Amino acid sequence: NPVELATFVFLTLGSVQSMRLFLKRRASGQAGNLVWFYAVFSVSMLFVAMEEISWAQWFFAFETPGIVANSNAQGELNLHNLKLWHDYIEALPMMFGLGGLFGIGIARTKLFSDIAPSILLAPWFMVIAAISAIDLYHEYQVHSTQLFAYVNHLDELIEMFVGVSGFLYVWLNSRGPK
């Protein structure tokens, strides 16, 4: 659907921008191992982008291998829908949102100022963390089936928010000092 495709596009663009930022800062001789954070972030975003399109299965319409199809809640070629953790995958965007908020919190420290997210991303991270936490909580304890159904429908939108905020994070950080 369009939301999942947009998620893929933003994650891919964020991955490319993050790798460019890593290469630029490394070439300029910027000191510190924290520059490598952008390389790790780039690879992570690319991995999630490929998961979002089931490793190009959407585009090339190939069959899911039987062993994967039997273990996958949606019968797709990806890890995030494995039945083992499919119902608890909300923990990942929740950790992303909380990690972004933590990064904003430590932005003033000299050690992390070069990789810290902009304060402009705080609302994005708060929404991602809050909706994911509610969704995860409802996986364990359903209090309202109507609320659960509503929040559960927001999963794809929250994944898109992760992609957009991930892209915005590296785009804002590539623009220079905060």
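Observations, loosely collected:
- 3J(HN,Hα) along segment 118-125, derived from phi through the Karplus expression 6.51 cos²θ - 1.76 cosθ + 1.60 where θ = phi - 60°, amounts to 5, 4, 4, 8, 3, x, 4, 5 Hz, with x in place of Gly and Pro.
- Taking a ≥ b ≥ c as the square roots of the eigenvalues of the Cα gyration tensor, the chain is classed as oblate, since a/c reaches at least 1.5 and a/b does not exceed b/c.
- Annotation: amide H of A73 within the under-5 Å range of L82, K83, sequence separation 5 or more or interchain, hydrogens built in the peptide plane.
- Summing +1 for each Lys or Arg and -1 for each Asp or Glu among the other residues whose beta-carbon sits under 13 angstrom from that of A49 gives -4.
- Other residues whose C-beta falls under 10 angstrom from the C-beta of A91 contribute a net charge of -3, scoring Lys and Arg +1 and Asp and Glu -1.
- Degrees separating the helix 155-174 axis from the principal Cα axis of the chain, which is the longest one: 10
- Sites Q57 and E156 - FRET efficiency at Förster radius 25 Å, r taken between beta-carbons, to 0.05: 0.90
- Axis of helix 36-52 versus longest Cα principal axis of the chain: the two differ by about 20°, to the nearest ten degrees.
The numbers here are math on the coordinates, done by the rules we state, and not lab data. Every value quoted in this text rests on a predicted model; they were computed, and no experiment measured them. We place every Cβ from the backbone using ideal geometry, glycine too, and count neighbours over all the protein chains shown.
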